[in-house]
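To start, the structure itself, in structure tokens.
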Amino acid sequence: MGNTVRSTKQFKGTFFKRLIRESLIFSCLNKFSDRFVKFFSGSIFYLIFCGSDETDIFFKNGFIGRIFSKINTEKRLIRPAKVFISNGVEKSHIVKYYRRIINMLLSAAIRFYGILFCIIGVYGTGIYLAKKFSYITTIPNDNELIWSAILIIIGTPMLFSGKSLVTTLKVSRFFRLVFINILGINEMYLKEQKKPQSYGTFAFVLGTILGVSTIFISLSSIILSILITVLCATVLFAPEFGLLLTILLYPLASVKLLAILLISSSISFILKVLRAKRNLRFKTADIFVLLFMLYIIAVGLFSGNGGQVRALYLVCYLFVYFLISNLIVSEQLIRKSLYSVCLGAVAGCLLFILHHITSDSDNIFLDSLLYSLDSSLINIDSFGYFLVMLIPICLALFKIRKRRSEKAGLLVLIVMTVVCIIIKEDSIIFTSAFIAVFIYSVFAFKKPITIFAIFAFIFWAVYFLLPFIPFMNKIYIINSVNAVNNDIGRLIFTFLLSGIGMGDQMLISGLNRIGANNNINSLGLYEKLLTQGGIFFLAVFVLAVFFILQRVFYCNFKCNNIKINYISAAFTAVIIMFLILGIGYDMWEYLRIYMLFWIVCGMVSAIKNVHERSVYLREGNTSDEGI
């Protein structure tokens, strides 16, 4: 009886799916799709685009690999150097004092921080009032009094707590949700070394020094300096935290703040590698990405001031690829990184919609909030490209997650993303989003002919209904597309081998050297790479992208993990869509989209490395059981 009821429920739940799948049209399309996929899996293209392992083995056993294997660099050079450096660093006084300070701050009672905050707040209030009623100094800012009151309000209840900071953080739901479950702080780091102590005298002296310094320095600057110090110390302690925080703040933070986070995370990672606490791995794709980075440095050195600064930013943002591919070493960290992308996207979409709704209002609080986000992604034209890249990732996560709360949150994010795309009113963004969803569906469900038929029907339906849909009719207004100037072709041909360098000044000087007009239209990404660094610059980039595509296609077609298949399908859609848009648009004009591209590529390498590690461990366990 129970089986009958269960089968009836199953039949009811899958009635519409069975109705669609068992229809004559879809069954024929699915058969043709299966034959097409089977034909592709036996062709030379499958070997070329899915041969990531074969490529790595070829480079490992190649000429350079044989040289390194004969020299035995791992045992003779790398490992002794690691042991020597790690021993020197671990025994240094800097690391000893650093650990002592961290342990003291973690084991300090909450009362210590309450005393510190209250003393700073009291001094800040007194100095504000002294400046307010004094005719000697200038009138202080009212924000100083607000910050002082906030410190006193926060510090007062902390005076009555004798628990240590470690114990408080362990039981804090907010800390566990944000810093452990999302930002990757390892709970094993939170170890209480000794009994909590108040350090009342030290807190009073430190609070007095910081409070008196508000005479010369604003209290907000002192608070910001303390927060930056705590943030840098946390990043040095756990580089994964800095990386995931960078991904989380990607749509919100300024370009400089993202660069600072990446630099601090890179320094922390390098120190961890030197201390033998993290591993640095190089596959074939990583080698060509490294060559591309070296090429950027070489091109930037021979450019003007503007080109050198831009090359510095490009190199800094390119480090995110190596950080992700080497620090994201488990499925749990992959999930946290994807959650960080989604949470940052939720905040970005909410602020973008809020900015659109309140653009004509005179609310002081909203204006100050939106003014603080002027340098963020939501106020830049490239936000539409971020939305295009976001949709396939959200669809893949919605497919693989099982919890209803997660599915509901992802559904809300998808709806918000679509709303933001409509608000953008850009036909290129809308069409790109449609194509990105199509590419994701093809690689996710592996029914190319069926998916093509469905999307062709949707395309023609939207095309004929276009005049009757208000927002669609507004989006697809006839839009003029600038053609590429013929002078750019002459410039590329003249400097095909060497390039002209980075920056608009170098481009203008190159045009003047060939006697061309300075007024040029926008360039595509590949034309920009050709003009900046020549044919070899573009070739290195193409090879790096090709080997990254090899890795993502391997995860999509050869991995037997359904979750990896869907996520890799989303990343495939993002990379292919980026390459398609690069034909007519300079996708690296905005540094954030450049960074987003390497974030996606780094995630591809990380997923491939995690899969290789899981297969290696599984085969090792199987062999041990056989023995």
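Every number in this text was worked out from the coordinates using simple rules, so none of it is lab data. Just so we're clear, the structure is a prediction, and the values are computed from it rather than from any experiment. Virtual Cβ from ideal backbone geometry, glycine too; neighbours counted across all protein chains shown.
Here are the numbers for the structure shown:
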| quantity | calculated |
| --- | --- |
| Relative exposure of 404, 490, 592, judged by other C-beta atoms within 10 Å (fewest first) | 404, 490, 592 |
| Residues residue 156 and residue 508, FRET efficiency given R0 of 60 Å [Cβ-Cβ distance, rounded to 0.05] | 0.50 |
| Shape metrics for the stretch 93-237, restricted to C-alpha atoms - Rg then Dmax, Å | 17.0, 55 |
| Which of 295, 46, 463 has the fewest Cβ neighbours within 10 Å, and the rest in rising order | 463, 46, 295 |
| Extension gain, residue 403 back to residue 96 (0.36 nm per residue minus Cα-Cα distance, nm) | 106.0 nm |
| Members of 283/447; 399/558; 38/447 lying beyond 21 Å, as alpha-carbon distances in this model show | 283/447 |
| Förster-model FRET efficiency, 35 Å R0, residue 315 and residue 618, C-beta, rounded to 0.05 | 0.40 |
| Length gained when the stretch residue 171-residue 191 is fully extended (0.36 nm per residue, less Cα-Cα span) | 5.9 nm |
| Length released on extending from residue 281 to residue 40, taking residue separation times 0.36 nm less the Cα-Cα span | 83.6 nm |
| Karplus 3J(HN,Hα) series, Hz, for the stretch 398-407 with 6.51 cos²θ - 1.76 cosθ + 1.60 (x for Gly, Pro) | 5, 6, 8, 7, 9, 5, 5, 5, 5, 4 |
| Long pairs among 91/272; 60/336; 195/336, criterion Cα-Cα beyond 24 Å | 60/336; 195/336 |
| Label-point gap, in nm, between residue 294 and residue 579 - each point 7 angstrom along Cα→Cβ | 2.4 nm |
